[in-house]
């Protein structure tokens, strides 16, 4: 299937939609509701991104992630993070191995659980910073170094981490710089009455459903390639930049844009350039899942919360007034205009005003 660079053919869009439909059908055999959460996790997979999932106990975070791994026909590994977990428990370690025939001894690297395609980092905030750092370095570099030797991780490689927001005793919250490596922070809420009734009905009437693989490794790579090829107009990129740059309270606002009141009052530190990159990348995936061959500002708006909520550092006023990052992002979306100057337009206007 060939096409010109920077464009996506309708048949490619249909291939992505078909893969998405197969995955959703299999996931629904196990997971009731949580459609938006599932969509966001699949978008992150299609974008080669990592995800941190935040929710109280009992909302099937672990079950959801393991189910997605089974539908993707990928090697899955779960790491239960605890305060005594060491970096080598994740990355692996070198052991002395003796050749019984010759008596010769040599160091052999024994791979840790991180050598899988899908890593479930369960309760990532329960382990000390040095162990968190070992995982997060692997997320960024896609390899680990042990004993001075580099060991590449499998491809594709995704880290899907979970956090419990209500238990803070004995935890080690991820610093903002490390949270920034996650493409999305996904919040899981309680199910509706109808959804909870269906959950209880399934549990009471039968055991676990059998989930079949709906997409293999080659299929995942084809979908990821289509996402990367998806063209994005300059005015959509400009809108994403306006959203992100408006959060940077320590920087002057761009010409013609007024910083939203909630951002001024409650944000201590705004989002960095990685937020702009992920807004556009996620908007591409969102457009493809909707069957569109082009990206619009509405696609950017649809995925702004999971991209921005963990990249905004709120101040004491926000804590005192019980303002959440989601409320700030909602105000941002309501007050930053969809239309405005593109970077090229701004440069031209700046030259005229000199």
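I'd like the antiparallel share, as a percent to the nearest 5, of DSSP beta bridges with both residues in the chain. Among the beta bridges of the chain, antiparallel pairing accounts for roughly 45 percent.
Stretched out straight at 0.36 nm per residue, the stretch from residue 217 to residue 73 would grow longer than its current Cα-Cα span by 51.1 nm.
The ranking of 278, 190, 172 by Cβ neighbour count inside 10 Å, starting from the fewest, reads 190, 172, 278.
At a 10 angstrom cut-off on C-beta neighbours, averaged per residue, how do the peptides 266-272, 25-31 rank from highest to lowest? It would help to have the intermediate numbers written out before the result.
Values: 266-272: 19.9, 25-31: 18.0.
The peptides rank, most packed first, as 266-272, 25-31.
Here is how the number arises for the chain: DSSP H runs of 4 or more residues each give -39500 (n - 2.57), the sum is divided by the residue count, and the result at 222 nm is -13500 deg cm²/dmol.
Listing 183, 203, 230 from fewest to most neighbouring C-beta atoms within 10 Å gives 203, 230, 183. Relative to the longest principal axis of the Cα atoms of the chain, helix 234-246 runs at roughly 80 degrees. Estimated at 0.36 nm per residue, the fully extended path between residue 315 and residue 166 surpasses their Cα-Cα distance by 51.6 nm. Highest GNM mean-square fluctuation among 130, 301, 61, for the chain modelled with Cα contacts below 10 Å: 130. With a Förster radius of 41 Å applied to the beta-carbon distance between residue 234 and residue 97, the computed FRET efficiency rounds to 0.10.
Modelled spin-label separation between residue 335 and residue 264, with each label point placed 7 Å from Cα along the Cα-to-Cβ direction: 0.7 nm. Against the chain, whose longest principal axis is taken from its Cα atoms, helix 10-27 shows a tilt of about 50°. Computed from the C-beta positions of residue 82 and residue 254, the FRET efficiency with R₀ = 45 Å rounds to 0.45.
Let's test the formula: R0 of 45 Å, r as the Cβ-Cβ distance of residue 18 and residue 197. What FRET efficiency results, to the nearest 0.05? Please report the intermediate quantities before stating the final value.
Numbers: r = 31 Å, r/R0 = 0.70.
Result of the calculation: an efficiency of 0.90.
Once both axes come from the Cα atoms, what is the angle between helix 193-205 and the longest principal axis of the chain, in degrees from 0 to 90, rounded to 10? Once rounded, the angle reads 10 degrees. Computing mean projected area of the Cα convex hull in nm² for the structure here picks out one of (1) 20.4; (2) 23.7; (3) 17.7, namely (2). The range 227-300 and the range 79-134 have Cα centres separated by 38 Å. Each peptide in 62-73, 87-98 receives the mean, over its residues, of other Cβ atoms within 10 Å, and ordering these scores from highest gives 62-73, 87-98.
A short reminder: the numbers here are calculations on the coordinates, not readings from a lab. This one's a predicted model, so the numbers in the text were calculated from it and none came from an experiment. Please note: Cβ atoms are built from the backbone with ideal geometry, for glycine as well, and neighbour counts cover all protein chains shown.
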